[in-house]
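Below is one structure, written out as structure tokens; the observations come after it.
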Amino acid sequence: QAAPFVAGKKQPNIVFMLTDNLGYGDLGSYGGGVIRGVPTPKLDELARQGMRLTNFNVEPECTPSRSALLTGRMPIRSGTDSVALPGSPDGLAPCEYTLAELLSDAGYATALYGKWHLGSEQERLPNMQGFDEWFGIPRTANEAAAIAQPGYNPDIPLMPVLEGVRGQRSVEVQPFNLDARARIDRNLTDKAVAYIQSHSGGERPFFLYVPFTLPHSPPLPYPDSVDPSLTQYQNVLAEIDSNAGRVIDAVDASGIANDTIVIFASDNGPETIQGIPVAYGAQSDSGPFRGEFPSAWEGAIRVPCIVRWPGHVTAGRVSNEMVSILDFYRTFAKLAGASNLVPTDRPIDSVDQTDFFFENRESSNRHSLLFFLDSEMLAVKLPRFKGHMRVRETSHSDVMMPGQQVYSGKRVELASPWIFDIQNDPKELWNIAGMNNWLGKVFTPLLTAYTISVAECPNIKLGADVCPWEVGKCTDSLKGA
């Protein structure tokens, strides 16, 4: 049994690894691994050493999930509830208070190596949002594929790989071309390992955020590690396990395992887009759930998450309690002894899960979630039931996309909510709304509470530089919330 966490003790280091569109059914500990032809021994061992969550929820798309992690706020509040097209306004407003800023103010060293996707302009990059240093890409991996597309205009520059330090402009390392795409996760893993080694004996705790770019399309493995007997995606899955394993091993070899929380998760469910240079065939898998990103089907929002902290997390624990990526904000603040730094002048949707993760509490402190995409409410989720107001459905027209068809699909506004018992019906196939309208009395207060919260503190518009609490648009009723 793990020992309870005691407030006021030494601040733990935090290593947070986040993959990009890894489905629920890919890892061995989640029903994949050897079944998919690729064992994942390093991450399966992490699951044996820690806690495996089977009802861990993220947001419908990449940018929203990263925003939720770093602000503890539903992305619709921050103007980050969808992925912006390159060239359009994007990212977190500088006036948001990120998890990196909070932990930095609590005495932590902070670093990010990997995919950012929360702002392309200099003032919105990680080194201006609380990270002491960073290396990676500002947006997303499929931009590397542009150069291989027929008709590509070479006058349009490729997205750069960047690096930067706090308070200074980030600088270009190289263009993010297909070769860089295949090598970047190994490169950022090298940097993460070196960071752990150099900071393991320091006086300050550290927050190391490692948002890998794999397996997002195009899923290109590191050139010298390709097994020709495996598919492109199988090679990528093996690399994900290897890279994560190197980070875990660095923590253990540095002698700081007992002082370090290690988390491995995914930002979304599968993305299986085909096209140059993606090899034809199966890619990431959503396991027992329906759908892929970007949507609110379980296959899009329910992903792997493993939490390890020796002495505080019971080894081998498995829980189907509902947890959100939002919840790490308040939880890490509590562990850092910095709950007083969590803002009270704006809605914070994060729930403190310290006792659930680290004190053997059986039940999660989260009881509901709302899902939005492109400013539209998609669904309300309870631990057992889920109501869809709008769905993203596969295209049934002549316009098709090989592989994943959500992008060529349709937004469907339902005549009345579809309700599913996601315990009995994890694939969300049987609409039980007809005999369960009593759930309206559960869903409606949640929707009303959200509407009231927006009236008290308006949502930020995409690309805005000013936050409502800076200009007196948030009411005093939020104070102390």
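Which of (1) in contact with a strand residue (DSSP E or B) (Cβ under 8 Å, 6 or more places away or on another chain); (2) buried (at least 18 other Cβ atoms within 10 Å of the Cβ); (3) modelled with pLDDT of 95 or more; (4) of a type outside the set (Lys, Arg) does residue 296 not meet, given it meets every other one?
(3)
Being at pLDDT below 95, crowded, with 21+ Cβ neighbours inside 10 Å and at positive phi narrows it down to one residue among 91, 72; which is it?
Step by step, each of 91, 72 is checked, and only 91 is at pLDDT below 95, crowded, with 21+ Cβ neighbours inside 10 Å and at positive phi.
Would you call residue 127 touching a residue at least 24 places away in the same chain (Cβ under 8 Å), over 22 Å from residue 185 (Cα atoms) and touching a strand residue (DSSP E or B) at 6+ places or on another chain (Cβ under 9 Å)?
Spelling it out, it is not the case that residue 127 is touching a residue at least 24 places away in the same chain (Cβ under 8 Å), over 22 Å from residue 185 (Cα atoms) and touching a strand residue (DSSP E or B) at 6+ places or on another chain (Cβ under 9 Å).
Any idea which of (1) touching a helix residue (DSSP H, G or I) at 6+ places or on another chain (Cβ under 9 Å); (2) modelled with pLDDT of 95 or more; (3) on the phi > 0 side of the Ramachandran plot is the one residue 313 doesn't satisfy?
Evaluating residue 313 over (1) touching a helix residue (DSSP H, G or I) at 6+ places or on another chain (Cβ under 9 Å); (2) modelled with pLDDT of 95 or more; (3) on the phi > 0 side of the Ramachandran plot leaves (3) as the failure.
In segment 95-108, is there at least one residue being over 21 Å from the mean Cα position of the chain (by Cα), under 30 Å from residue 338 (Cβ atoms) and open to solvent by less than 10 Å² (accessible area, probe 1.4 Å)?
yes
Here is a list: 46, 22, 53. Which entry is modelled with pLDDT of 95 or more, at negative phi and assigned to a loop (DSSP other than H, G, I, E, B)?
Being modelled with pLDDT of 95 or more, at negative phi and assigned to a loop (DSSP other than H, G, I, E, B) holds for just one of 46, 22, 53, which is 22.
Could you run through segment 154-170 and say how many residues are under 20 Å from residue 84 (Cβ atoms) and either open to solvent by 60 Å² or more (accessible area, probe 1.4 Å) or among the polar types (S, T, N, Q) (or both)?
Qualifying residue count, segment 154-170: 3.
How many residues are touching a helix residue (DSSP H, G or I) at 6+ places or on another chain (Cβ under 7 Å) and assigned to a loop (DSSP other than H, G, I, E, B) if we restrict to segment 288-310?
8
Can you tell which of 80, 63 is outside any loop (DSSP other than H, G, I, E, B) and either open to solvent by 10 Å² or more (accessible area, probe 1.4 Å) or farther than 17 Å from residue 330 by Cβ (or both)?
Result: 63 is the single residue among 80, 63 that is outside any loop (DSSP other than H, G, I, E, B) and either open to solvent by 10 Å² or more (accessible area, probe 1.4 Å) or farther than 17 Å from residue 330 by Cβ (or both).
Checking the condition touching a residue at least 40 places away in the same chain (Cβ under 8 Å) and within 29 Å of residue 370 (Cβ to Cβ), which residue from 48, 66, 36 passes?
When all the criteria are applied, what remains is 66.
For segment 93-129, give me each residue that is among the aliphatic types (A, V, I, L, M), under 20 Å from residue 212 (Cβ atoms) and part of a loop (DSSP other than H, G, I, E, B).
Listed by number, the residues that qualify are 118, 125.
Between a first residue in segment 333-354 that is within 20 Å of residue 312 (Cβ to Cβ) and charged (D, E, K, R) and a second residue that is open to solvent by 20 Å² or more (accessible area, probe 1.4 Å) and not in a helix (DSSP H, G or I), which pairs have beta carbons less than 7 Å apart while being 6 or more apart in sequence or on different chains?
Once the first residue is within 20 Å of residue 312 (Cβ to Cβ) and charged (D, E, K, R) and sits in segment 333-354, its partners that are open to solvent by 20 Å² or more (accessible area, probe 1.4 Å) and not in a helix (DSSP H, G or I) give 334/352; 352/365.
Being open to solvent by less than 80 Å² (accessible area, probe 1.4 Å) and at pLDDT below 95 narrows it down to one of 468, 445, so name that one.
The unique qualifying residue is 468.
Return the residues of segment 174-203 that are surrounded by 17 or more Cβ atoms within 10 Å (Cβ to Cβ) and not in a helix (DSSP H, G or I); say none if nothing qualifies.
Matches in segment 174-203: 176, 177, 200.
Condition first: crowded, with 17+ Cβ neighbours inside 10 Å, under 24 Å from residue 274 (Cα atoms) and over 20 Å from the mean Cα position of the chain (by Cα). Now tell me which residues in segment 204-225 satisfy that.
Selection gives 220, 221, 222.
The values are calculated or read from the model by the stated rules, or taken from the named source; none is laboratory data. None of the values given here were measured: they were computed from a predicted structure. So basically every Cβ, Gly included, is an ideal-geometry build from the backbone, and we count neighbours across all protein chains shown. With ligands, DNA and RNA removed, areas are computed over all heavy atoms of the protein, side chains included. Shrake-Rupley method; radii C 1.70, N 1.55, O 1.52, S 1.80 Å.
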